Amino acid sequence: GKEQGNLGKAIALNGLGEFEEAIQAANVAIKFSKNKNVMAYYARSYANRNLNNESAAREDLIKITQLAEKNRDKKARATIHAQLAQLDFQLNGMSAADSNLTKAIELDGSNPAFFVQRGDMQAKVGNYAEAQYQYDQAISLGKNDLEIYQIKTQLRIKEMNEKYRTDNIKALSEKMSSAEKKVLCTDLQQALNLGLRNMEFDLLGTMICD
């Protein structure tokens with residue numbers, strides 16, 4: 001409908017740096033949502049912030065917080081905080097994002113998606129051990145699937161590539177410690193058990209894991 005279409009447009013225009021147009025699209029989405037679309041307010045706030053309209057940007061953020069608090073459904077409120085955390089992370093970095101994600105987890109602590117999200121954010125800023133810890137939290141909450149082990153394995157490979165300054169598998173197999181091999185191979189084996197088909201991973205398994 002008009003609401004979702006214009007929200008998508010506002011987000012895309014923000015991405016292109018067309019902030020005036022993004023505000024117009026967000027205004028339409030807000031109108032059709034009867035002033036309830038949290039993400040549209042966020043898109044408008046982001047555009048205003050980029051145009052240095054700080055007070056307008058701040059008003060929308062206050063509105064978002066009010067809408068979130070009004071929502072009696074804890075899980076829905078948690079999702080709003082997680083969405084805000086994602087946007088915060090893109091705009092302002094880790095600490096702003098983490099406080100929203102902490103709120104999401106306080107409201108709905110059994111949702112593994114929030115821990116995956118926190119893991120992804122930690123991975124992006126180079127905190128690999130913390131990222132793996134968050135992914136393990138998601139696994140313990142039931143996200144015991146191919147996707148999570150693939151993410152974990154890819155992150156371990158990236159960490160080893162950076163640590164030993166090579167992405168040559170033979171060189172890595174010579175440089176990695178047995179403890180490093182063990183954690184990598186455990187995640188890799190899980191991914192393969194869950195049906196992963198990937199040439200690079202197969203090669204890694206042959207070269208690095210017994």
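The values are calculated or read from the model by the stated rules, or taken from the named source; none is laboratory data. The structure presented is a predicted model; accordingly, all values stated were derived computationally and were not measured. Ideal geometry is used to build each Cβ from the backbone, glycine not excepted, and the neighbour counts take in all protein chains shown. Heavy atoms of the whole protein, side chains included, go into the accessibility calculation; ligands, DNA and RNA do not. Shrake-Rupley method; radii C 1.70, N 1.55, O 1.52, S 1.80 Å.
Matching residues to (1) under 17 Å from the mean Cα position of the chain (by Cα); (2) under 28 Å from Q134 (Cβ atoms); (3) part of a helix (DSSP H, G or I); (4) among the hydroxyl-bearing types (S, T, Y):
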position: A12; (1), (2), (3), (4): no, no, yes, no
position: K36; (1), (2), (3), (4): no, no, no, no
position: E69; (1), (2), (3), (4): no, yes, yes, no
position: K75; (1), (2), (3), (4): no, yes, yes, no
position: T79; (1), (2), (3), (4): yes, yes, yes, yes
position: F89; (1), (2), (3), (4): yes, yes, yes, no
Practice task
Could you identify the single residue in Q4, Q24 that is outside any loop (DSSP other than H, G, I, E, B), out of contact with any Lys or Arg (no Cβ under 8 Å at 6 or more places or on another chain), free of Cβ contacts under 8 Å to residues at least 24 places away in the same chain and open to solvent by 60 Å² or more (accessible area, probe 1.4 Å)?
Solution key: Q24
Practice task
Working only within segment 185-207, note down all residues that are of a type outside the set (F, W, Y) and touching a Ser or Thr at 6+ places or on another chain (Cβ under 7 Å).
Solution key: D187, L188, A191, M207
Practice task
Can you confirm whether segment 91-101 contains a residue that is open to solvent by less than 50 Å² (accessible area, probe 1.4 Å) and over 30 Å from I148 (Cα atoms)?
Solution key: no
Handout entry: Residue, nearest to Y133 (Cα to Cα), within segment 174-187, restricted to residues that are in contact with a helix residue (DSSP H, G or I) (Cβ under 6 Å, 6 or more places away or on another chain) and either at pLDDT below 95 or open to solvent by 20 Å² or more (accessible area, probe 1.4 Å) (or both)
Key = K181
Exercise for the section: Among the residues of segment 127-143, count how many are open to solvent by less than 30 Å² (accessible area, probe 1.4 Å) and of a type in the set (G, A, S). Expected result: 2
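Residues checked against (1) open to solvent by 50 Å² or more (accessible area, probe 1.4 Å); (2) at pLDDT below 90:
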position	(1), (2)
S45	no, no
L51	yes, no
D60	no, no
K70	yes, yes
T79	yes, yes
S110	yes, no
M121	no, no
V125	yes, no
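Residue-by-condition table, conditions (1) among the charged types (D, E, K, R); (2) out of contact with any Cys (no Cβ under 7 Å at 6 or more places or on another chain); (3) within 24 Å of A76 (Cα to Cα):
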| site | (1), (2), (3) |
| --- | --- |
| K2 | yes, yes, yes |
| K9 | yes, yes, yes |
| L13 | no, yes, no |
| K34 | yes, yes, yes |
| M39 | no, yes, yes |
| A43 | no, yes, yes |
